[in-house]
Amino acid sequence: MRIALRCLPGYSDHLPQPVLARTSLPDWLRAMPAEAAAPLLADAPVRTVKQCPPFVDAMQGGILFPLAADLTMTDGALSWDWDLPPHAQARPSRAPVGVHLPEQATGFPGLTHPGQFIVKFTNFWTVELPEGWSMLFLHPVNRLELPFRTITGLVDCDAWRDGAVHFPAVWSDPGFAGRLPAGTPVAQGFPVPRGALELEIGEMSGDRLSSHLEVQDALQAEPGLYRKRYRGGAKS
């Protein structure tokens with residue numbers, strides 16, 4: 001699939017670029033052991049989520065959109081020092097982050113603790129998808145170490161290819177102090193086809209039940225079964 005990402009003329013040298021998520025896995029995942037001792041099992045080794053293909057595949061899917069500039073949080077205040085030049089034809093703010101009024105989140109359960117507030121990360125890249133496709137923007141998958149939680153949104157980026165898509169987020173860690181470097185992922189985008197969904201709900205037939213039980217038994221007997229036999233396409 002071709003996805004076109006474009007910024008204003010003259011800005012490409014000043015902006016960190018979006019990247020395919022599979023090329024930018026976090027350091028903590030790379031450092032995670034494949035197994036760990038479990039005290040509840042007399043320190044027997046158990047596989048960590050690093051060996052869970054759905055966990056890792058979700059982190060590798062789609063596109064990561066970056067924070068445009070270094071942000072510093074000091075005493076609950078965000079600041080930045082960035083030399084993005086003015087653009088004669090630019091409409092959006094040059095600020096890498098803005099804020100939403102708290103009243104705009106009235107009733108939203110994401111604001112649960114004092115000191116939390118809503119920011120809006122500025123995205124300087126337009127997104128163009130083929131006809132019939134939208135993009136689901138959400139918090140970078142499984143990146144719970146980040147001090148914010150990006151709010152999920154679905155945008156028809158085939159029609160909205162020339163419009164900006166910015167990323168509202170709850171600043172969820174009031175105790176955070178320090179610097180978020182430019183390039184920190186602030187949103188992850190997954191292209192999804194548009195179309196009506198249909199559900200078929202019922203009990204397993206005899207053949208499907210037999211297949212289901214076979215898979216359950218094989219999962220216990222063969223570590224990595226999903227990755228070896230089923231990843232990349234459904235098997236019947």
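Bear in mind these aren't lab numbers, they're just calculated from the coordinates by the rules spelled out. Only a predicted model underlies this, so the values are computations on that prediction, with no experimental measurement involved. Heads up, the Cβs are rebuilt from the backbone with ideal geometry, glycines too, and the neighbour counts pull from every protein chain shown.
Could you rank the peptides 136-146, 69-79, 22-32 by their average count of other C-beta atoms within 10 Å per residue, with the highest value first? Spell out each step's value before the answer.
On the way: 136-146: 17.4, 69-79: 13.9, 22-32: 11.5.
My ranking of the peptides, most packed first, is 136-146, 69-79, 22-32.
Can you give the angle from 0 to 90° between the axis of helix 206-221 and the longest principal axis of the chain, with both taken from C-alpha atoms, to the nearest 10?
Tilt relative to the chain: about 80 degrees.
So if I place +1 on the C-beta of Lys and Arg and -1 on the C-beta of Asp and Glu, and nothing else carries charge, what would the dipole magnitude of the chain be about its Cα centre? I want it in debye, nearest 20.
Values: 20 positive and 24 negative charges, 83 e Å.
About 400 debye.
How would you rank 225-231, 209-215, highest first, on the average number of other Cβ atoms within 10 Å across their residues? Don't skip to the answer; put the middle values down first.
Values: 225-231: 13.3, 209-215: 11.7.
Output ranking for 225-231, 209-215: 225-231, 209-215.
With r as the distance between the Cβ atoms of residue 197 and residue 228 and R0 = 41 Å, compute the FRET efficiency 1/(1 + (r/R0)^6) and round to 0.05. It would help to have the intermediate numbers written out before the result.
Numbers: r = 30 Å, r/R0 = 0.73.
Taking R0 as 41 Å, the efficiency between residue 228 and residue 197 is 0.85.
Just to be sure I understand the model, the point goes 7 Å from the Cα along the line to the Cβ. What's the resulting residue 120 to residue 210 distance in nm?
Computed distance between label sites residue 120 and residue 210 equals 5.9 nm.
Modelled label-to-label distance, residue 108 and residue 217, 7 Å Cα→beta-carbon offset: nm?
Inter-label distance under the simple model: 5.1 nm.
At a 10 angstrom cut-off on C-beta neighbours, averaged per residue, how do the peptides 147-156, 107-116 rank from highest to lowest? Working shown, then result.
Numbers: 147-156: 17.3, 107-116: 10.7.
Sorting 147-156, 107-116 by mean packing, highest first, produces 147-156, 107-116.
Where the centroid of each part is defined by its Cα atoms, how far is the stretch 175-236 from the stretch 129-155 in Å?
Cα centres, the stretch 175-236 to the stretch 129-155: 17 Å.
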